[in-house]
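Take a look at the structure set out below.
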Amino acid sequence: MTAFRVVMAAAILVGVSACAAAEGPQDAASGGRYAAGSFVAEAKLKTPTGADAGTARIRQKDGGLEVTVSAMGISPGPHGVHVHTTGKCEAPDFASAGGHWNPTSHQHGMQNPAGPHAGDLPNLMAGADGKGSLTFMLPGGTFEGLLDEDGSAFVVHAGADDLKTDPSGNSGGRIACGVFSAL
């Protein structure tokens, strides 16, 4: 009977470990929830008409959050791209996404002496085929701020971000938006 109990206890421990691993990547720096290097959030970008416009993914890396954007179906040239504070993307103007993610109350832009917002990224350059990609580190960011109760969104703007003018870099209207959700 004792051998049977040992085997059962081992089976239960293996089962519990497998369940914990299935919950997703984990690490101590994020409260045990997200492993460094693993993508843990994704926003599927859509235009105001609902057409696919690409994806934005975020993963925890040492020192911050890495954002990887892959856009399609947008006009050629530079586009301001930002993480926005509210996880809503209601057409036609995506104003429901709110302002830029800014938990530290800075001004907009990497070239602004009082900036940047935590959600400010460099411009995304789209080619003649309407496709563009960008990978950028948001220093010091954590997922808890992005996947909070009201969520967050990723927005592609119509024009280039001047990287200094508060509150949005004069980057124009919002042409694509996606709500971040945990993977």
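Look at Gly178 and say whether it is within 11 Å of the chain's Cα centre (by Cα), surrounded by 15 or more Cβ atoms within 10 Å (Cβ to Cβ), in contact (Cβ under 8 Å) with a residue 12 or more places away in the chain and assigned to a strand (DSSP E or B).
Details: within 11 Å of the chain's Cα centre (by Cα): yes; surrounded by 15 or more Cβ atoms within 10 Å (Cβ to Cβ): yes; in contact (Cβ under 8 Å) with a residue 12 or more places away in the chain: yes; assigned to a strand (DSSP E or B): yes.
Yes.
When the residues of segment 55-74 are narrowed to those that are crowded, with 23+ Cβ neighbours inside 10 Å and touching a helix residue (DSSP H, G or I) at 6+ places or on another chain (Cβ under 9 Å), which ends up nearest to Ala43 (Cα to Cα)?
Ranking the candidates gives Ile58 first.
Does any residue of segment 77-86 turn out to be on the phi < 0 side of the Ramachandran plot, modelled with pLDDT under 90 and crowded, with 17+ Cβ neighbours inside 10 Å? Reasoning before the result, please.
The initial filter retains those residues of segment 77-86 that are on the phi < 0 side of the Ramachandran plot, namely 78-86.
Now narrow it down to the ones that are modelled with pLDDT under 90: none.
No, because not a single residue in segment 77-86 is on the phi < 0 side of the Ramachandran plot, modelled with pLDDT under 90 and crowded, with 17+ Cβ neighbours inside 10 Å.
Would you be able to say whether some residue in segment 69-90 is free of Cβ contacts under 8 Å to residues at least 12 places away in the same chain and either farther than 14 Å from His157 by Cα or part of a loop (DSSP other than H, G, I, E, B) (or both)? Steps first, answer last, please.
Going through segment 69-90, the residues free of Cβ contacts under 8 Å to residues at least 12 places away in the same chain turn out to be 90.
Checking the rest, the ones that are also either farther than 14 Å from His157 by Cα or part of a loop (DSSP other than H, G, I, E, B) (or both) come to 90.
The answer is yes, given that some residue of segment 69-90 is free of Cβ contacts under 8 Å to residues at least 12 places away in the same chain and either farther than 14 Å from His157 by Cα or part of a loop (DSSP other than H, G, I, E, B) (or both).
Of all the residues that make up segment 91-125, how many are part of a strand (DSSP E or B) and either under 23 Å from Gly50 (Cβ atoms) or free of Cβ contacts under 8 Å to residues at least 24 places away in the same chain (or both)?
Result for segment 91-125: 1.
Applying the selection to segment 59-90, what residues are out of contact with any Phe, Trp or Tyr (no Cβ under 9 Å at 6 or more places or on another chain), of a type in the set (D, E, K, R) and within 19 Å of Thr49 (Cα to Cα)?
The answer is Glu90, and nothing else.
Does any residue of segment 90-100 turn out to be among the aromatic types (Phe, Trp, Tyr) and either touching a Leu at 6+ places or on another chain (Cβ under 8 Å) or at negative phi (or both)?
No, every residue in segment 90-100 fails to be among the aromatic types (Phe, Trp, Tyr) and either touching a Leu at 6+ places or on another chain (Cβ under 8 Å) or at negative phi (or both).
Within segment 106-134, track down each residue that is under 16 Å from Leu65 (Cβ atoms) and at pLDDT 95 or above.
Within segment 106-134, Leu134 is the sole residue that qualifies.
The values are calculated or read from the model by the stated rules, or taken from the named source; none is laboratory data. Not measured: the values here are computed from a predicted model. We place every Cβ from the backbone using ideal geometry, glycine too, and count neighbours over all the protein chains shown.
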